[in-house]
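Notes to accompany the following structure.
The values are calculated or read from the model by the stated rules, or taken from the named source; none is laboratory data. Note that the coordinates shown come from a computational prediction; the quantities given were computed from them, not determined experimentally. Note that we place each Cβ from the backbone using ideal geometry, even for glycine, and neighbour counts take in every protein chain shown. Only protein heavy atoms, including side chains, enter the accessible area calculation; ligands, DNA and RNA are left aside. Shrake-Rupley method; radii C 1.70, N 1.55, O 1.52, S 1.80 Å.
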Amino acid sequence: MEAVFRALQIGWSKEKIGSHIIRNNVIYDCGQNGIVGHMGCVFSEIYGNDIYNINLKHEFYGYEIAGIKFHAAVDTYIHHNRIHNCTLGTWLDWQAQGTRVSSNLYYNNDRDFMVEVTHGPCLVDNNIFASAHSLDDYAQGSAFVNNLFCGKTHYEKVLDRSTPYHFPHTTQVASTAVVYGADDRYYNNIFVAYDGYKGVERISTIAVDGCGTAQYNGCTASYEEYNQKIFAMGAGDLELFQRTEQPVCAAGNAYLNGAGAFDRECENYVSRMNPQVQIVEQDGAVYLEFDADQGLLELSAPVASTETLGFTRITNAVYDDPNGNSIVLDTDLVGNKRKNAPNAGPVEGLKAGHNRMKIWG
């Protein structure tokens, strides 16, 4: 915390720090990190990189290990990277505000993606998370849109650490807050329960633990409901907010092979079908193989945008770009234009039956 304020005292601002471009590199066989930044990564863009074999020998242990590991990735854009065979693919820690993680390919990692002790807005869209452990969400105020999650998704509050948040699109600290959890959005994603769990009967109606959004059961479903619950408890202070679950907004998601849905979500698709997801490397390219049924193809929801995603509760900020312009998620992972009512997942144009799509190279 003191480092943040020391940095502000010596000129940590958009005019003097950050705005790096890291693109089209091959980064591999690193013992600790592929790309790492603390505050210097603000307003940067990282794209087109192939990052692999990071910390596979576990020669270092600690909290700064990943293919990409950033503190204070304010208004940083991480997109169209291939991140595989890492201990952890990407880790956003503290002050991931205005950060966008889009159209990346993650696979064969111990864990794919982690966002921690930040208050949003953080936009995660059109990614493939194909490892057995897809997501660790120790934050709030994130929006997950049109992603494919093929493994465990873990959500947790952090009520014992107060971390900074900023006035939008600046390094200036507005205040600090703990992570109350939730205040998240899930739209048009596909969740596939990891098929490596042993002893799980797929014809059962019981969802696979830790796969999907069912872990948010008990959360409110709107700011209006959240406020009503706070006011209904009468006089009080901080404890009212600690006892009340922040809202989760979810719609248009597909839950396959035992993945569980948030019980307040409507307009979703739940199927025991196993889509047999495979990431195939061949002749320098990478392909996604995915079996789709007709029910999945009939699921659709409006294209998400800055206007539809709303604002985060703690930071009171919207999901816009670093210049304050609206974002419209109308293209998929490989650049195809989406329909007005697009398919769930990161790739538009799925057909019934077996699909094989080039996604890298």
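With the helix formula -39500 (n - 2.57) applied to DSSP H stretches of n ≥ 4, the chain reaches a computed 222 nm mean residue ellipticity of -2000 deg cm²/dmol.
Take every DSSP beta bridge with both residues inside the chain and express the antiparallel ones as a percent of the total, to the nearest 5. In the chain, approximately 20 percent of DSSP beta bridges are antiparallel ones. Near the amide H of Gly260, within less than 5 Å, lie the amide hydrogens of Val208, Cys211, Gly212, Thr213, Ala214, all on another chain or at least 5 residues away, with H placed in the peptide plane.
Here's the list of aspartates and glutamates a cross-link from Lys339 could span, going by alpha-carbon distance under 17 Å and ignoring same-chain residues fewer than 8 apart: Asp125, Glu298, Asp330, Glu348. Taking a Cβ cut-off of under 13 Å around Asn340, the surrounding Lys, Arg, Asp and Glu residues balance to a net charge of +1, with basic ones at +1 and acidic ones at -1.
With contacts defined as alpha carbon pairs under 8 Å and 6 or more residues apart, what's the relative contact order of the chain in percent? After rounding, I find 12 percent. Carbon and sulfur atoms: what percent of the 1.4 Å accessible area of the chain do they account for? It is 50 percent, rounded to a whole number. Residue ranges 37-47, 56-66, 112-122 sort as 112-122, 37-47, 56-66 when ordered by packing (mean number of other C-beta atoms within 10 Å per residue, highest first). The local environment of Ile279, defined by Cβ-Cβ distances under 13 Å, has a net charge of 0 under the rule Lys, Arg +1 and Asp, Glu -1. Amide H to amide H distances under 5 Å link His20 with Ser44, Glu45, where only residues 5 or more positions off or on other chains count and H is placed in the peptide plane. The overall shape of the stretch 94-249 is oblate: from the C-alpha gyration tensor, with semi-axes ordered a ≥ b ≥ c, the ratio a/c is 1.5 or greater and a/b is no larger than b/c. The orientation-averaged projection of the convex hull spanning the C-alpha atoms of the chain amounts to 18.3 square nanometres. Using the 1.4 Å probe convention, the accessible area of the chain works out to 42 Å² per residue with neighbouring protein chains retained. Taking amide hydrogens as placed 1.01 Å from N in the peptide plane, the amide H of Arg272 sits under 5 Å from those of Asn257, each at least 5 positions away in sequence or on another chain.
For the stretch 96-203, trypsin sites (Lys or Arg not before Pro) meeting the loop criterion (DSSP other than H, G, I, E, B) and having at most 14 other Cβ atoms within 10 Å: Lys198, Arg202. Exceedance of the 26 Å cut-off in Cα-Cα distance is limited, within the set Lys57/Lys152; Lys16/Lys69; Lys69/Lys157; Lys157/Lys229; Lys57/Lys358, to Lys57/Lys358. Shape analysis of the stretch 1-70 places it in the oblate category; the axes a ≥ b ≥ c from the Cα gyration tensor give an a/c of at least 1.5, with a/b not above b/c. Neighbours of Phe231, meaning other residues whose beta-carbon lies under 12 angstrom from its beta-carbon, give a summed charge of -1 when Lys and Arg score +1 and Asp and Glu score -1.
Principal semi-axes of the equivalent ellipsoid, √(5λ) from the alpha carbon gyration tensor of the stretch 42-165, are 20, 16, 14 Å from largest down.
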